[in-house]
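J.: Structure incoming, see below.
The values are calculated or read from the model by the stated rules, or taken from the named source; none is laboratory data. Predicted, not measured: the structure shown is a model, and the values here were computed from it. So basically every Cβ, Gly included, is an ideal-geometry build from the backbone, and we count neighbours across all protein chains shown. For the accessible areas, the whole protein counts, side chains as well, though only heavy atoms, and no ligand, DNA or RNA atoms are used. Shrake-Rupley method; radii C 1.70, N 1.55, O 1.52, S 1.80 Å.
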Amino acid sequence: MATNGDEVVVSNKQVILKNFVNGFPKESDMYLNTTGSISLRVEQGSNAVIIKNLYLSCDPYMRNRMKLSDDPEFATYPPGSPIEGFGVGKVVESGYPELKKGDLVWGVTGWEEYTLIKNPQTLFKINHTDVPLSYYTGILGMPGITAWAGFYEICAPKKGEYVYISAASGAVGQLVGQFAKLFGCYVVGSAGSEEKVELLKKKFGFDDAFNYKEEHDLDAALKRRFPQGIDIYFENVGGKMLDAVLLNMRTCGRIAACGMISQYNLENPEGVHNLMNIVTKRIRFQGLLAFDYFPQYAKFLQVVLPSVREGKVVYVEDVAEGLENAPAALIGLFSGRNVGKQVVVVARE
């Protein structure tokens with residue numbers, strides 16, 4: 001730490017993207033810069049804030065920002081700059097009237113020790129600290145509102161309906177399954193290991209679960225578990241899984257498309273062949289981005305926070321310690337290495 005008058009300059013480790021990524025991402029596509037520094041003072045008259053990052057969220061959508069793209073919803077990371085994503089931090093300096101030094105916040109931040117945020121109105125102030133702060137990267141953050149909006153707002157469930165969730169042990173899937181069980185639905189999930197399958201059944205209370213890697217015929221696997229068909233599908237995978245699900249949807253079923261992780265690393269994405277089922281079965285198929293539901297965050301907290309406090313909804317995190325381990329944690333998402341929500345601890349309060 002160095003001082004220059006009233007100015008305090010500190011070192012600032014950062015995870016930097018080397019170049020745009022094609023195919024499967026590697027740890028070597030990123031590197032840890034240990035020579036950076038940052039001033040802990042905002043310019044006079046500025047609305048900016050500086051936060052000390054505590055927890056960072058690893059999310060599959062970040063892969064789409066590592067490739068050259070003109071998609072306005074997923075702006076690319078500039079090579080040579082820190083990557084960014086959702087995180088939890090503590091305000092160390094503020095020119096923004098709504099936030100003061102010492103406040104805890106969550107929102108989009110840099111993968112670094114400290115971040116200057118020029119648009120602090122995008123941050124959410126954390127007012128409930130009787131739950132783990134890391135939960136604001138997951139169950140009480142972007143994945144949580146995604147699960148809540150996709151299940152309740154888009155799928156409009158009815159008690160007793162049949163619900164299927166792919167990538168069900170991940171940050172979003174584990175929540176959708178528990179929301180569905182609390183609502184009185186029959187719930188089945190799939191995951192990529194026996195450990196995760198057991199987690200779904202024993203920890204999260206799913207009615208059934210299966211390891212998709214052990215199933216040679218996904219259509220048959222779904223028919224065994226849903227002989228009467230699927231009312232609600234929460235889509236996290238895409239590709240062959242989506243194709244099989246379309247064959248097993250019931251008339252007037254609903255699909256909330258949250259992500260398609262099987263396609264993110266393919267240079268030539270797979271086609272889907274059973275789309276006519278959307279027409280003949282009158283299926284409602286809708287994509288969602290969490291950003292669209294951020295204005296409803298207070299409503300979301302009113303529904304979910306009591307269930308967390310009462311233990312009606314539980315959450316499993318896979319925690320990596322230290323910014324230097326962040327690239328490996330992120331890459332691990334695409335091989336299914338994580339069990340539960342992948343979080344990186346930058347600093348602890």
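J.: Report the local net charge at Phe183: Lys and Arg +1, Asp and Glu -1, summed over other residues whose C-beta lies under 11 Å from its C-beta. Provide the component values of the computation, followed by the final result.
T.: Details: positive: Lys158, Lys159, Lys181; negative: Glu161.
Result for the local shell: +2.
J.: Continuing with this model, one more query. Counting only heavy atoms of the protein chains, get the accessible area per residue of region 142-291 (1.4 Å probe) and round it to a whole Å² value. Before the final figure, lay out each step's value.
T.: Values: 6160 Å² over 150 residues.
On a per-residue basis, region 142-291 sits at 41 Å².
J.: Summing +1 for each Lys or Arg and -1 for each Asp or Glu, what net charge is found among the other residues whose Cβ lies under 15 Å from the Cβ of Val346?
T.: In short, -3.
J.: Which percent of the accessible area of the chain is formed by carbon and sulfur heavy atoms (probe 1.4 angstrom)?
T.: Answer for the chain is 49 percent, counting heavy atoms of protein chains only.
J.: With +1 on each Lys and Arg Cβ and -1 on each Asp and Glu Cβ, how big is the dipole of the chain about its Cα centre, in debye rounded to the nearest 20?
T.: Numbers: 36 positive and 39 negative charges, 190 e Å.
Its charge dipole is roughly 920 debye.
J.: Then there's this: On a straight-distance basis, which lysines could pair with Lys101 in a cross-link, Cα separation under 19 angstrom, same-chain partners fewer than 8 positions away excluded?
T.: Lys52, Lys90, Lys118, Lys125
J.: For region 203-318, what is the number of Lys pairs with C-alpha distance below 27 angstrom, counting only pairs 8 or more positions apart or on separate chains?
T.: For region 203-318, the number of qualifying lysine pairs is 10.
J.: Sticking with this one: Using Cα pairs closer than 8 Å and at least 6 residues apart in sequence, work out the relative contact order for region 142-291, in percent. Numbers along the way, then the final one.
T.: Numbers: 302 pairs, mean separation 33.9, N = 150.
Reported relative contact order: 23 percent.
J.: Then there is this: Rounded to the nearest 20 Debye, what is the dipole magnitude of region 75-207 about its Cα centre when Lys and Arg each give +1 and Asp and Glu each give -1 at the C-beta?
T.: With only Lys, Arg, Asp and Glu charged at Cβ, the dipole is about 320 debye.
J.: Can you bin every Cα-Cα distance in region 118-264 into 5 Å intervals starting at zero and give me the percent of pairs per bin, rounded to whole numbers?
T.: Percent of Cα pairs in each bin: 2, 10, 19, 22, 20, 12, 7, 4, 3, 1, 0.
J.: Antiparallel as a % of all DSSP beta bridges within the chain, to the nearest 5?
T.: 60 percent
J.: Local charge sum around Asn12 (other residues, Cβ-Cβ under 12 Å, Lys/Arg +1, Asp/Glu -1)?
T.: Spelling it out: positives minus negatives among the neighbours equals 0.
J.: Okay, next question. Can you sort Glu270, Glu235 by solvent-accessible area, 1.4 Å probe, largest first?
T.: Ranked list, largest accessible area first: Glu270, Glu235.
J.: Separation of region 153-176 and region 265-291 by C-alpha centroid, Å?
T.: With region 153-176 and region 265-291 each reduced to a Cα centre, they are spaced 17 Å.
J.: Quick one: in region 194-273, what % of C-alpha pairs are over 18 Å apart?
T.: Result: 48 percent of Cα pairs exceed 18 Å.
J.: Using just the C-alpha positions of the chain as equal point scatterers, what log10 of I(q)/I(0) does the Debye formula give at each q in 0.08, 0.15 1/Å?
T.: -0.40, -1.29
J.: Just how large is the dipole of region 142-291 about the Cα centre, in debye to the nearest 20, putting +1 at every Lys and Arg Cβ and -1 at every Asp and Glu Cβ?
T.: Value, rounded to 20: 580 debye.
J.: Rounded to the nearest 0.05, what FRET efficiency do Glu321 and Ile278 give with R0 = 30 Å and r taken as the Cβ-Cβ distance? Could you check? List each step's numbers first, then the result.
T.: Details: r = 45 Å, r/R0 = 1.49.
Taking R0 as 30 Å, the efficiency between Glu321 and Ile278 is 0.10.
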